[in-house]
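Since the structure comes first, as structure tokens, the remarks are kept for the end.
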Amino acid sequence: MTLTTLAIYLFRQRTTLTDRVAVGQNLLQDPRFQLGNFLLRIVLWTFSIELIGALLLYIAASGDITFLSALFHSISAFCNAGFSLYGDSLTKWYNNPAINFIFAGLIILGGIGFYVLVETFQWCVANTLKRNRTKRVRLSWYSKVVLQTSLYLVIGGTVVIFLAEFVLQKHQLSFGESVLVSFFQAVSCRTAGFNTIPIGQLTNVTMLLMMILMFIGAAPGSCAGGIKVTSFRVLLAFIAAELRGREQAVINGMAIKRESVRRAISILAFSLFIVGSAILIISITDTGSFTHNESRGQFLNIAFEVVSAYGTAGISTGITPDLSTIDKYIIMFLMYLGRLGPLIFLGVLHTIRRPELFTRPETDILMG
């Protein structure tokens, strides 16, 4: 979308209002922006980060990989694609801190969204190089929400994976290696799909957590899928408001518009319906003729595969080659729908909505 719009802008030197709205809603929080300027920044930032990442990987690998291989993995990490040139992904570097942190950094930068990426860089430069400024440069409320929520998810995921895998399960790794592996999987499973430990050997607790993180995904306007961290944060704020009896959902001192809350609930309902339907269909076609005891463990593998596909995370327990042809088509459809589905759904929902200019009588109903 970015490159297409940039090409239109460069060749025509102008874009329609529809183009500006479409790009602005999906890439930017601030509607007051210079489209061409911002698109050029995105392309420049993307190429720069991927090139720097490739150089760092090449140096950190100490000759284990060629520069072209490092470039491939740098692009794959920043774009949250998760493709690796190695059959076991990154398991050979599970105990290499430099490799792990470089990959994690690229994944995070590609997952926080271009708007947050550019603004955070400007904030770092302004507060580092211009210390004598009288007016302090601050991050916008939106960027703070994205960065805080992403940080909470990474920390929470790291702690749970560490407890599930290296306290309860007790893999034969040192404390430092255990923390490193836990951190990397908490970062990667939300968006990218790399792994430094075989997914099929993880506990059910870890797999369930990874499914939740893959379903949430990363930030809007980024290279990642999922329902997005902002939708997740709005849903949490809505639940907190309901529990406290508040009329407004509040995040960091700011109330969220009701339209945004409705949008988040709609995305959640749409995503749960798609994921649930896919799990049901694949369960019928794959294990429908088996008893529960005969197909023990397969349901979790199927659910994990479906959530990973919809969240465009790219992580698998290894059952993909054994799926039937129709199941593989469903997985492919989920990957496509997971990237564009929520946007298309919101667009259709906005089109078919017809506001009613009256209210109906209200009544109560027994619940719970």
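Only the coordinates and a few stated rules stand behind these numbers; no lab work does. Please read all numbers here as calculations on a predicted model, not as lab measurements. Glycine gets a Cβ as well: all are built from the backbone with ideal geometry, and neighbour counts include every protein chain shown.
For the chain, a Gaussian network of Cα nodes joined below 10 Å ranks 299, 358, 183 by mean-square fluctuation, and the top entry is 358.
Work out how much length residue 272 to residue 362 would gain on full extension: take 0.36 nm times their residue separation and subtract the Cα-Cα distance, in nm to one decimal. Numbers along the way, then the final one.
Numbers: separation 90, 0.36 × 90 = 32.40 nm, distance 2.86 nm.
Here the answer is 29.5 nm.
Summing Lys and Arg as +1 and Asp and Glu as -1 over all other residues whose Cβ lies under 14 Å from the Cβ of residue 249 gives a net charge of +4. The amide H of residue 227, built 1.01 Å from its N in the peptide plane, has 216, 217 as neighbours under 5 Å, considering only residues 5 or more places off or on other chains. Pick from 149, 325, 120 the residue whose mean-square fluctuation is largest in a GNM of the chain, springs joining Cα atoms under 10 Å. Result for the chain, Cα springs under 10 Å: 325 fluctuates most.
Relative to one another, the C-alpha centroids of region 300-334 and region 257-291 are positioned 14 Å apart.
Using only alpha carbon pairs under 8 Å that are at least six residues apart, calculate the relative contact order of the chain and give it in whole percent.
On the way: 449 pairs, mean separation 55.5, N = 368.
Taking the mean separation of contacting Cα pairs over the length of the chain, I get 15 percent.
Sequentially through region 250-261, phi angles give Karplus couplings (6.51, -1.76, 1.60; θ = phi - 60°) of 10, 10, 6, x, 10, 7, 8, 4, 4, 5, 5, 5 Hz, Gly and Pro residues having no value and appearing as x.
When the chain is treated as a Gaussian network with alpha carbon springs shorter than 10 Å, the biggest mean-square fluctuation among 62, 188, 324 belongs to 62.
Per-residue ellipticity at 222 nm, computed for the chain from helices alone with -39500 (n - 2.57) per DSSP H run of at least four residues, works out to -21000 deg cm²/dmol.
Label-to-label distance, residue 55 versus residue 262, with points set 7 angstrom from Cα along the beta-carbon direction: 5.0 nm. Applying the Karplus relation 6.51 cos²θ - 1.76 cosθ + 1.60 with θ = phi - 60° to region 106-119 yields 3J(HN,Hα) values of 5, 4, 5, 4, x, x, 8, x, 5, 4, 5, 4, 5, 5 Hz, where x marks Gly and Pro. For region 146-153, 3J(HN,Hα) computed residue by residue from phi via the Karplus equation (6.51, -1.76, 1.60; θ = phi - 60°) reads 5, 5, 5, 5, 4, 5, 4, 5 Hz, glycine and proline entered as x. Among the listed options (1) 1.02; (2) 0.98; (3) 1.06, the one matching Rg/Rh (Cα atoms, Kirkwood Rh) as calculated from these coordinates is (2).
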